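Beneath this line is the structure, given in structure tokens, with notes to follow.
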Amino acid sequence: MQDYRNFEPEELAIDLSFQRWKLFNDPIASNFWKGWLVENPDKKELVDKAHYLLNTLNNAYSQTPDDRVSISDREIQYEIQRLHQSIDTQHEPVVKRFRFAPWQYGIAASILVILGLFWRYSIHPPCTKVDVTYNELITQTSRPLIEIGNQDIKPRLVSLPDGSTLLLKSGGRISYPKNFQESIREVYLTGEAFFEVHKDPSKPFYVYSKGLVTKVLGTSFTVQAFENDKEVKVVVKTGKVSVFARNETALTQHKEDTKLEGIVLTPNQQIVFSPTSTRIIKSVVEEPALLHGTAQNQPFRFKGTPIAEVFATLEKSYGIKIVFDEEVMKSCYLTASLDDEPLFEKLDLICNTISARYEQLDAHIIIDSKGCEN
């Protein structure tokens, strides 16, 4: 599973799924990437730059094999200079669809690697590590904090000044001020806790855990951030959660408004964050739960039901986007009763019935099928 949010433009440009979208207008890839941009609107510039790289390479290296000559260092340097100038002047070329011949993929990949090194170090300097301990976090704040720990086996219920609550797991510690500020609510965590945050859109709630910041307006979620673990995990139960790596630029940007930006998670989604590399991996939780409300009473009994309706029922019930080619699968129908099975078992049964397969990609379910024509 690819972590596209942390891709550089040159990495995205050589991704096959991205190429299928931008070059060949593949319907499954198109649906996925359009949905990904809706969930990650702050990454539009990344997509635009990656697309520009593809077009730049096409303009320079789209000749036929018979006309092909070896690529010199001078030509590569020219491409680097031309790309840099185009970026500096905010030039955006007209989108041109093309198809690489097999030999051209190698050329494109080689040039993109060289361009990528240039891009990474001249435009995006290497990011600094954001790993920070719990003790460092609480000493960096000027306000007096209340600290509560849990040395018992059972979780400990903690009530916060705004009416929010959390269940602090064994070995965990939480620190927070006696009273929250007028415009912001901030707590500091080491260990694991399940939060139920009182909704207040005008007063965002922040959880600082190692190098990760979790921002919510009102929802329920779990944060796992043990001091000795190399990773931090955030799992969403209800509502929406925004997460981002902790650095001065990100903190300033996200504290200036009450919107949820960065990586936005919805129910049955999670992220795993590595503070040392600042990599954030977004995925579906291991055992997706039915969403609270009418979806819990949703009957999963299908009789000659078009597959598009089946997938729509699953999306509504679990809140997980299912991407498929509706035109290719228009002749697929399902007759089955799937009431008690977990989501992934449901998908296994459905795909076995219609000769399809599925995979997870960036918290989406991608269905691959050749159709159901007799």
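Here, each number is a calculation from the coordinates, and none is a lab measurement. Fair warning: this is a prediction, and the values are worked out from it, not measured in the lab. So basically every Cβ, Gly included, is an ideal-geometry build from the backbone, and we count neighbours across all protein chains shown.
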- Amide hydrogen neighbours beyond the local backbone of residue 186, cut-off 5 Å, H modeled: 181, 206
- Item | All-pairs Cα distance distribution in region 279-374, expressed in whole percent, bin size 5 Å | 2, 12, 25, 26, 18, 10, 3, 1, 0, 0
- Excluding residue 156 itself, what net charge comes from residues whose Cβ is under 12 Å from its Cβ, given Lys and Arg +1 and Asp and Glu -1? +1
- Message: Between region 159-217 and region 318-361, how far is it from one alpha carbon centroid to the other, in angstrom?
- Response: 38
